[in-house]
1. Out of everything in the stretch A:98-113 that is at the interface with another protein chain (Cβ under 9 Å from one of its Cβ atoms) and of a type in the set (Val, Ile, Thr), what residue ends up being nearest to B:Ala63 (Cα to Cα)?
2. Residue check: is B:Leu4 in contact with a Lys or Arg (Cβ under 7 Å, 6 or more places away or on another chain), at pLDDT below 95 and over 28 Å from A:Leu19 (Cα atoms)?
3. Can B:Ser202 be described as more than 12 Å from chain A (Cβ to nearest Cβ), under 20 Å from B:Gly18 (Cα atoms), crowded, with 24+ Cβ neighbours inside 10 Å and not aromatic (Phe, Trp, Tyr)?
4. Suppose we filter the stretch A:88-97 for residues that are aliphatic (A, V, I, L, M) and within 8 Å of chain B (Cβ to nearest Cβ); how many remain?
5. Please pick out the residue among A:Thr71, A:Thr61 that is of a type in the set (Ser, Thr, Tyr), more than 19 Å from B:Ile216 (Cβ to Cβ) and at pLDDT below 90.
6. In contact (Cβ under 8 Å) with a residue 40 or more places away in the chain, of a type in the set (Asp, Glu) and surrounded by fewer than 22 Cβ atoms within 10 Å (Cβ to Cβ) - does that describe any residue in the stretch B:124-146?
7. Pull up the stretch B:75-91, narrow it to residues that are among the aliphatic types (A, V, I, L, M) and facing another protein chain (nearest Cβ under 7 Å), then point me to the one that is nearest to A:Gly54 (Cα to Cα).
8. Could you grab the pairs with beta carbons closer than 6 Å, sequence gap of 6+ or different chains, first residue in the stretch B:41-70 and assigned to a helix (DSSP H, G or I), second one surrounded by fewer than 24 Cβ atoms within 10 Å (Cβ to Cβ) and among the acidic types (Asp, Glu)?
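The values are calculated or read from the model by the stated rules, or taken from the named source; none is laboratory data. As the structure is a prediction and not an experimental result, all values here were calculated from the model. We place every Cβ from the backbone using ideal geometry, glycine too, and count neighbours over all the protein chains shown.
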Amino acid sequence: MTTPDLRQDQRMDQIMAVLLRSGVSLAASLVFIGGVVYLLRHDLPAINYRVFQGEPQELRTVSGILREAATFHGRGLIQLGLLILIATPVARVLFSVVAFLYERDWTYVAITMIVLALLCYSLFGGGGL
Amino acid sequence: MNTLEFTLLVSMGSLLAGFLGSLTGLGGGVVIVPMLTLLFHVDIRYAIGAALVSVIATSSGAAAAYVKEGYSNVRVGMFLEIATTVGALVGAAVALHLHVSVIAIIFGLALIYSAFSSLREKSEQRTDVAPDRIAAWLRMDSSYPTDKGMTQYHVRGVPLGFALMFGAGVLSGLLGIGSGAVKVLAMDQAMKLPFKVSTTTSNFMIGVTAAASAGIYLSRGYIDPGIAMPVMLGVLGGSLVGARILAGATVRTLRLVFAVVIGFLAVEMIYNGFAGKM
């Protein structure tokens, strides 16, 4: 049994750190910009959150959020930022699949593919649960 | 209260939660749900959605730093993420069918556990751990930086750790928390990983677990931009500031105070759950 190449693992860690940081920064910036737009256009009494209504359809799905954000609506922009945030760990897992493929570590390619499939199921098909 | 006041108050509360959460190691997510439900009278489903999002933000931000330093064990994390993501999907699916009072009571119990575990003594050095067949096959044994340079360690108890991680995932999906306390328990106690490796690997995994449940919460309409925006920005900002402050003696006192506050919040959530006031 060979031990994993430590140097290779470390390089993979470095790229992963950059990936995570960029995802969070991009998401936070979009949420902030969206928040400013939202507050500027929303000089109304606060929404009553005591009663649960659920978000409208256009703020629930990937395609709906993209459409809302494209029209520069505050809530749509915030939701796009949140979507990028949720996608950041998914991107990290996707990157791990590639990194393990590169290392020809088939066991871990399979393991990360399973995690990736579960995440994709949640993001694209989870509403049916 | 208008929208601007609500946003400012929630972001200030979240900033404080993120700051204390990162300083004490408890995570900012645990107090977000009680804060939103008890103080701002937000429905628990919106509160869980917002907390999940903030958990992803702080976990990914902190994981970026830890991964670089070489503490977290990526293989252990990836393997156990199968258990946490399945658990998170189950938890999020169950949450959609549970009464909010039941969720409040379970939340209170989980809060008490995490407050209690944050006060427990930490074990650090482990040199007596023998190699394990499953861990060797999965190539989990690794090394981490200590005062004496890179130190090798062995991993054990993979099946038990895996089972505990499933539980951590269910709690995360059900309550919108990172379940860091249960994750550390699985790796530190069951799998005998060094404590520093356990906490950083747990942090690394929290984002993936939370993302699995967040997808379901988003498509179910539980993530409201008006609430999630101040919570996410506040917790993230607070945790970044908290991470820059060195841990010292005052942190121990602070941890005790924070644990007591969480204990009170837990009791109130359980009471409200039983009284049907959620």
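1. In this case the residue turns out to be A:Thr112.
2. So B:Leu4 fails the test.
3. Details: more than 12 Å from chain A (Cβ to nearest Cβ): yes; under 20 Å from B:Gly18 (Cα atoms): yes; crowded, with 24+ Cβ neighbours inside 10 Å: yes; not aromatic (Phe, Trp, Tyr): yes.
The answer is yes for B:Ser202.
4. Looking only at that region, the number is 2.
5. A:Thr71
6. yes
7. Restricting attention to the stretch B:75-91, the residues satisfying the condition of being among the aliphatic types (A, V, I, L, M) are B:76, B:78, B:80, B:82-83, B:86, B:88-90.
Filter once more, so that each one left must be facing another protein chain (nearest Cβ under 7 Å): B:78, B:82, B:86, B:89.
Details: B:Met78: 33, B:Ile82: 29, B:Val86: 24, B:Leu89: 19 Å.
Looking at the filtered set, the residue picked out is B:Leu89.
8. The qualifying pairs are B:Val67/A:Asp13.
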